[in-house]
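Participant: Supplied in structure tokens, the structure appears directly below.
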Amino acid sequence: MDDVAIIGAGPVGLALAILLAQRGRSVRVFEQRSAPVAHSRAIGLHPPAQKVLEQVGVGPAAQRGGVQIRGGLGISRGRSIASMDFSAIGGQYPYVLSLPQQVTEQLLRERLEQLAPGSLMLASAFEQVLGQSGQSVEFAAGGALHRARWLAGADGVRSAVRTDLGVGFAGRDHRDSYLMGDFPDTTGLAHTAALFLHQEGIVESFPLPGALRRWVVRIEQTQGDESPGTLAEAICQRTGYLLEAEACTMTSYFGTATRMVPSMVHGRVVLLGDAAHQISPIGGQGLSLGLADAQAVAHLIAARAPIEALDDLRLGAARSTARRAQVNMLLGRALPRWAVPLRDSAISCLASSAWLSEKVARDFTMTGPGQRSIPVA
């Protein structure tokens, strides 16, 4: 019998497995995919997430492979109206690390194989929880029966574990939709994120490794056209940057929603990451939130501490992150022409306050006073 069985081999599930293996716990990770997904997906690793990667032993490799986003610019009508310098937050990581998710996952898979060879079970989809006692949980996955002291569902927004348990996922869809893609970087903005506050909706731009850049364009609704040409045309119209559609390496449409479970703990089953809370990707804090969940779950299980403390510790953080994402979406919505100068003036005025600039930098990097740290011993 394993100490902990984990459903889902994304960054959150893999990080949880490594953190537990480092503490001498036996783990097994069940993943329905037969091979990794070659898609950049989530790219933002905020300082708390970088600390988790350091803790699991892949920090130096992640730093070598990533790009440090050290600040941001707010741009409207062709001019800068605000800037943000992450050096104000201090600490070991005064930046957001940009690293494609498939690279993060690869580093974590290799590390898990070092610590617990053979513990990753590919093409092994979760089927159902068969029963629980005070000491263990029985479940079916990959066509076989298994038993573990704990079962962790880290299997994403459409979590099969959460669905099987009948756990509610209350919340709502938002009217904000986006089209994103990765292109060769022709901006000259280097390690700076850029937010183009256009009348028709925001365009966000972030550096990626390999001289690439992620572009995210707010659209009113999906029109069934996710082509690089459509995305490049919208970027050019709203920012003035001319991009080569043929050089685009990825495009993806996504809607937004906020949903949350009433509790992350259900007997001997724990939900974490996107299985426990769906946060808008705008702001890019979902992955970092999930890695902090993994850190908390590993600590509580290894310390044999009351697992119920998880709700207090992590659902509060998820609610705060959701509020920040909703503010980010609100600021990026389309405006009538007459309102644009008023918005720009207000943002410029607020950005001139050193105190407020530091607060925004801390909120953006998830290093504000509301972030509660987890012991690492």
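Participant: Rounded, prolate or oblate: which one fits region 111-258, using the alpha carbon gyration tensor with axes a ≥ b ≥ c (rounded when a/c is under 1.5, else prolate when a/b beats b/c, else oblate)? Walk me through the numbers on the way to the answer.
Facilitator: Numbers: a/c = 3.15, a/b = 2.06, b/c = 1.53.
Prolate.
Participant: Can you work out the Karplus-derived ³J(HN,Hα) for every residue in region 259-265? Use 6.51 cos²θ - 1.76 cosθ + 1.60 with θ = phi - 60°, whole Hz, and x for glycine or proline.
Facilitator: Couplings: 9, 8, 7, x, 8, 8, 10 Hz.
Participant: Also, quick follow-up: Helix-only mean residue ellipticity at 222 nm, the chain, DSSP H runs n ≥ 4 weighted -39,500 (n - 2.57), per residue, nearest 500. What is it?
Facilitator: Value at 222 nm, helices only: -10000 deg cm²/dmol.
Participant: Just the projected area, averaged over all directions, of the convex hull on the alpha carbon atoms of region 283-333: how many nm²?
Facilitator: That works out to 3.3 nm², a quarter of the Cα hull's surface.
Participant: Now, a different point. Among Cys349, Cys248, rank each residue by its count of other Cβ atoms within 10 Å, from fewest to most, as a rough exposure measure.
Facilitator: Ranked by crowding around the Cβ, least crowded first: Cys349, Cys248.
Participant: Please go through region 122-203 and write out the trypsin sites (Lys or Arg not before Pro) that DSSP classes as loop and that have at most 11 other C-beta atoms within 10 Å.
Facilitator: The qualifying sites are Arg158.
Participant: Using only alpha carbon pairs under 8 Å that are at least six residues apart, calculate the relative contact order of the chain and give it in whole percent. Walk me through the intermediate numbers first.
Facilitator: Values: 786 pairs, mean separation 81.6, N = 377.
Reported as a whole number, the value is 22 percent.
Participant: Quick check: net charge around Ala232, other residues with Cβ under 13 Å of its Cβ, Lys/Arg +1 and Asp/Glu -1?
Facilitator: Result for the local shell: -4.
Participant: With the crude spin-label approximation of a point 7 Å out along Cα→Cβ, what separation in nm comes out for Ala334 versus Glu226?
Facilitator: So the two model labels end up 2.2 nm from each other.
Participant: Which three lengths, in whole Å and largest first, does the chain cover when its Cα atoms are put on their principal axes?
Facilitator: 63, 43, 39
Participant: Can you tell me what the convex hull of the Cα atoms of region 1-157 projects to on average, as an area in nm²?
Facilitator: Mean projected area for region 1-157: 11.8 nm², to one decimal.
Participant: At 0.36 nm per residue, minus the direct Cα-Cα distance, what do Glu110 and Ser133 gain on full extension? Give it in nm, one decimal, please.
Facilitator: Details: separation 23, 0.36 × 23 = 8.28 nm, distance 3.35 nm.
Extra length available between Glu110 and Ser133 comes to 4.9 nm.
Participant: Sticking with this one: Full-extension gain between Ala125 and Cys349, please, as 0.36 nm times their residue separation minus the C-alpha to C-alpha distance.
Facilitator: Working it through step by step, the gained length comes to 75.4 nm.
Participant: Something else: Quick check for you: which residues of region 123-141 have the amide N under 18 Å from the point 7 Å beyond the Cα of Glu308 toward its beta carbon?
Facilitator: 133-136, by backbone N distance to the label point.
Participant: Ok, one more. Using the Karplus curve 6.51 cos²θ - 1.76 cosθ + 1.60 with θ = phi - 60°, work out ³J(HN,Hα) for each residue of region 110-117 in order, rounded to whole Hz, and write x for Gly and Pro.
Facilitator: After applying 6.51 cos²θ - 1.76 cosθ + 1.60, I find 5, 5, 5, 5, 5, 7, 9, x Hz.
Participant: Say we join alpha carbon atoms closer than 10 Å with springs in a Gaussian network model of the chain; which of Leu335, Leu20, Leu97 then has the biggest fluctuation?
Facilitator: Residue with maximal mean-square fluctuation among Leu335, Leu20, Leu97: Leu335.
The numbers here are math on the coordinates, done by the rules we state, and not lab data. These figures come from a predicted structure and were not determined experimentally. So basically every Cβ, Gly included, is an ideal-geometry build from the backbone, and we count neighbours across all protein chains shown.
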